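Undergrad: Pasting a structure here, questions to come.
Laboratory data are not the source of any read-out in this text; all were calculated from the coordinates shown. Keep in mind that what you see is a predicted model, and the values were worked out from it rather than measured. Don't worry about glycine lacking a Cβ; one is built from the backbone with ideal geometry, like all the others, and counts go over all protein chains shown.
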Amino acid sequence: MRFNVSEINECIRTRRTIAPEFFSERKVQKELIEVMLENARWAPTHKLTQPWRFKVFYGKGLESFAEWHGETYKQITPEDKFKAPKYRKMKERPLKASAVIAIIMKRDEKESLPEVEEIASVSAAVQNMYLTASAYGLAAYWGSGGLTYTQEMKDYLGIGEKDQCLGLFYIGYPSIEWPKKTERMERRLVTEWVE
Ligand SMILES: Cc1cc2nc3c(=O)[nH]c(=O)nc-3n(C[C@H](O)[C@H](O)[C@H](O)COP(=O)(O)O)c2cc1C
């Protein structure tokens, strides 16, 4: 065995999503976020296209992102659909985090593989970040609501037409006890052995 497998199993199985509403005031140092990003880039990638891109909003950058997030929701939402509590949430939620990382899939220019493989690869990179957070006891949250799939988000991130934002990854310290396991389908229900 190359590593302490029981610890790795525990880290994977107890990894949990913790929403920003349960983040404490304590700020996560940049160095730790760099470790998460470093681990992200070691995810599997077919034909080594390495489609993951990350835009990290931190400090003043996070403040302006939060402002843009709220105001853009207001701008693009028809009046009859606009909800003031949602507007406040869009504006205030990023500020509960130490950093918000935009998860981006950069489409291979030659389109040498199906798009689904590049999305899969970025998802694996995000899992690496989630697991790193789990190991450090940091709270992490992958959110794909709100503006995630809008053209406004693409423009704000400065990404190409064929690229995609896959969500926002919020990082902080938890203000609550580490959450218990969520429900999962039993292994036998999701696996078929053919022997
Ligand atoms: C692609 C993707 C998008 C997600 N988007 C959201 C979201 O918009 N809002 C949310 O509450 N959770 C979101 N989640 C997190 C899931 O809700 C969470 O993983 C699930 O509840 C299982 O909990 P766990 O991560 O603690 O095991 C997302 C997860 C993935 C993989």
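Undergrad: Using a/c under 1.5 as the rounded threshold, could you call region 29-128 rounded, prolate or oblate? The axes a ≥ b ≥ c are square roots of the C-alpha gyration tensor eigenvalues, and prolate needs a/b larger than b/c, oblate otherwise.
TA: Oblate.
Undergrad: In a Gaussian network model over the chain where Cα atoms closer than 10 Å are linked, find which of Pro94, Pro85, Pro20 has the largest mean-square fluctuation.
TA: Checking each option, the largest mean-square fluctuation is seen for Pro85.
Undergrad: Which one, Ile159, Thr191, Ile33, projects farthest toward the positive side of the charge dipole computed for the chain from Cβ point charges (K/R +1, D/E -1)?
TA: Going by the charge dipole, the pick is Ile33.
Undergrad: Now a separate question. If you take the charge dipole of region 81-137 about its Cα centre, with +1 on Lys and Arg Cβ and -1 on Asp and Glu Cβ, which of Ser112, Ala125, Gly137 is farthest toward its positive end?
TA: Value computed over the given set: Gly137.
Undergrad: In debye to the nearest 20, how big a dipole does region 1-87 give about its Cα centre with +1 on each Lys and Arg Cβ and -1 on each Asp and Glu Cβ?
TA: Dipole of region 1-87, to the nearest 20 debye: 300 debye.
Undergrad: I've got another one for you. Step through the table entries Lys110/Lys162; Lys96/Lys154; Lys74/Lys106; Lys27/Lys74; Lys60/Lys91, compare each Cα-Cα distance with 18 Å, and write down the pairs that go over it.
TA: From the list (Lys110/Lys162; Lys96/Lys154; Lys74/Lys106; Lys27/Lys74; Lys60/Lys91), the Cα-Cα distance tops 18 Å for Lys96/Lys154; Lys74/Lys106; Lys27/Lys74.
Undergrad: Continuing with this model, one more query. Using the crude model of +1 on Lys and Arg Cβ and -1 on Asp and Glu Cβ, and no other charge, please compute the dipole size for the chain relative to its Cα centre, in debye to 20.
TA: 480
Undergrad: Find me the longest stretch of the chain that has none of the exposed chymotrypsin sites (Phe, Trp or Tyr not before Pro), where exposed means in a DSSP loop (not H, G, I, E or B) with at most 16 other Cβ atoms within 10 Å.
TA: 83-148
Undergrad: Picking from Asp80, Asp155, Asp108, which is most flexible by a Gaussian network model of the chain using Cα springs under 10 Å?
TA: Answer for the Gaussian network model of the chain: Asp80.
Undergrad: Expected output is a single nm value to one decimal: the length gained when fully extending between Glu63 and His46, i.e. 0.36 nm times separation in residues minus the C-alpha distance. What is it?
TA: Gain on stretching Glu63 to His46: 2.5 nm.
Undergrad: Using helices alone, I'd like the mean residue ellipticity at 222 nm for the chain: each DSSP H run of four-plus residues gives -39500 (n - 2.57), total over residue count, nearest 500.
TA: Helix contribution divided over all residues of the chain: -12500 deg cm²/dmol.
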